[in-house]
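*Asks:* Attaching a single structure in structure tokens format; questions to follow.
The values are calculated or read from the model by the stated rules, or taken from the named source; none is laboratory data. Everything numeric in this text was worked out from a predicted model, so none of it was measured. Because the Cβ atoms are built from the backbone with ideal geometry, glycine has one as well, and the counts that use them run over all protein chains shown.
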Amino acid sequence: MDSIKELVDVAVKGIQEKKGKGIRIVDLRNIDGAICQYFIVCEGQNPQQVSAIADSVEDMVRIELQDKPTHVVGTENALWIAMDYVDVMVHVFMPEARDFYNLENLWEDAPAEDIPDLD
């Protein structure tokens, strides 16, 4: 369990490194049928920032935890990049895509933590 929480913390650090906003951690551990233990959702202001945030998360997790995602999708247009670390899914959105998919509210009964934006 500690290693999963550590992965969450390092991923958040990677998001903050590139000024990702609206970071929300959704705890899915007690949700039946959930595909992972944690969702991390955030946003960038343009496709370049969305890509930079995803790259930063991947780099920090690789350097600090010697881990890499099993799958990454969405890098072609960078409107929504999803990174699968098995127990943790990281979603980096453009604001419009985040609003449209409303991902973090799919599991409204799951506890969620909002991380304050760094300015």
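*Asks:* Do the conditions hold for VAL61, that is, is it of a type in the set (Val, Ile, Thr) and either closer than 18 Å to ASP117 by Cβ or assigned to a helix (DSSP H, G or I) (or both)? Break it down into steps so the answer makes sense when it comes.
*Replies:* Details: of a type in the set (Val, Ile, Thr): yes; either closer than 18 Å to ASP117 by Cβ or assigned to a helix (DSSP H, G or I) (or both): yes.
Yes.
*Asks:* Inside the range 11-31, can you point out the residues that are without any contact (Cβ under 8 Å) to a residue 60 or more places away in the chain and over 19 Å from VAL50 (Cβ atoms)?
*Replies:* Taking the range 11-31 as the starting set, the residues that turn out to be without any contact (Cβ under 8 Å) to a residue 60 or more places away in the chain are 13-14, 17-18, 29.
Correct list: ARG29 only.
*Asks:* If you don't mind, another one. Can you tell me which residue in the range 19-32 is modelled with the highest pLDDT, limited to those that are outside any strand (DSSP E or B) and surrounded by 19 or more Cβ atoms within 10 Å (Cβ to Cβ)? Steps first, answer last, please.
*Replies:* As a first pass, look at the range 19-32 and keep what is outside any strand (DSSP E or B): 19-20, 28-32.
So of that shortlist, the ones also surrounded by 19 or more Cβ atoms within 10 Å (Cβ to Cβ) come out as 20, 28.
Values: GLY20: 98, LEU28: 95.
Only one residue fits best here, namely GLY20.
*Asks:* A follow-up question, please. Conditions first: (1) out of contact with any helix residue (DSSP H, G or I) (no Cβ under 8 Å at 6 or more places or on another chain); (2) among the β-branched types (Val, Ile, Thr); (3) part of a helix (DSSP H, G or I). ILE35 passes all but one, so which condition is the exception?
*Replies:* (3)
*Asks:* Restricting to the range 33-56, and then to whatever is aliphatic (A, V, I, L, M) and under 17 Å from ASP114 (Cα atoms), can you tell me which residue is surrounded by the most Cβ atoms within 10 Å (Cβ to Cβ)? Let's see the steps before the verdict.
*Replies:* Residues of the range 33-56 that are aliphatic (A, V, I, L, M), as a first pass: 34-35, 40-41, 50, 52-54.
Among the residues that remain, those that are also under 17 Å from ASP114 (Cα atoms) are: 40-41.
Values: ILE40: 26, VAL41: 23.
Among them, the one singled out is ILE40.
*Asks:* Separate question: Out of the range 38-54, which residues are over 9 Å from VAL92 (Cα atoms) and part of a loop (DSSP other than H, G, I, E, B)? I'd like the intermediate steps shown before the answer.
*Replies:* So in the range 38-54, the residues over 9 Å from VAL92 (Cα atoms) come out as 38-39, 45-49, 52.
Selection gives GLN45, ASN46.
*Asks:* Let me ask something additional. Do we have any residue at all in the range 78-96 that's in contact with a Leu (Cβ under 8 Å, 6 or more places away or on another chain), within 26 Å of ASP119 (Cβ to Cβ), of a type in the set (Phe, Trp, Tyr) and surrounded by 17 or more Cβ atoms within 10 Å (Cβ to Cβ)?
*Replies:* Yes, the range 78-96 has at least one match.
*Asks:* Turning to a different aspect of this structure: Conditions first: (1) free of Cβ contacts under 8 Å to residues at least 24 places away in the same chain; (2) not in a loop (DSSP other than H, G, I, E, B). MET89 passes all but one, so which condition is the exception?
*Replies:* Checking MET89 against (1) free of Cβ contacts under 8 Å to residues at least 24 places away in the same chain; (2) not in a loop (DSSP other than H, G, I, E, B), the one that fails is (1).
*Asks:* Just wondering, is there one or more residues in the range 66-76 that are out of contact with any helix residue (DSSP H, G or I) (no Cβ under 7 Å at 6 or more places or on another chain), over 15 Å from ALA112 (Cα atoms), free of Cβ contacts under 8 Å to residues at least 60 places away in the same chain and part of a helix (DSSP H, G or I)?
*Replies:* no
Residue by residue, here is whether (1) touching a Phe, Trp or Tyr at 6+ places or on another chain (Cβ under 9 Å); (2) modelled with pLDDT of 95 or more holds:
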{"residue": "VAL61", "(1), (2)": "yes, yes"}
{"residue": "GLN66", "(1), (2)": "no, yes"}
{"residue": "THR70", "(1), (2)": "yes, yes"}
{"residue": "MET89", "(1), (2)": "yes, yes"}
{"residue": "VAL92", "(1), (2)": "yes, yes"}
{"residue": "ARG98", "(1), (2)": "yes, yes"}
{"residue": "ASN105", "(1), (2)": "no, no"}
{"residue": "LEU118", "(1), (2)": "no, no"}
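*Asks:* Looking only at the range 22-71, filter to residues that are more than 12 Å from ASP87 (Cβ to Cβ) and basic (Lys, Arg); which one of those is farthest from the chain's Cα centre (by Cα)?
*Replies:* Top of the filtered list is ARG62.
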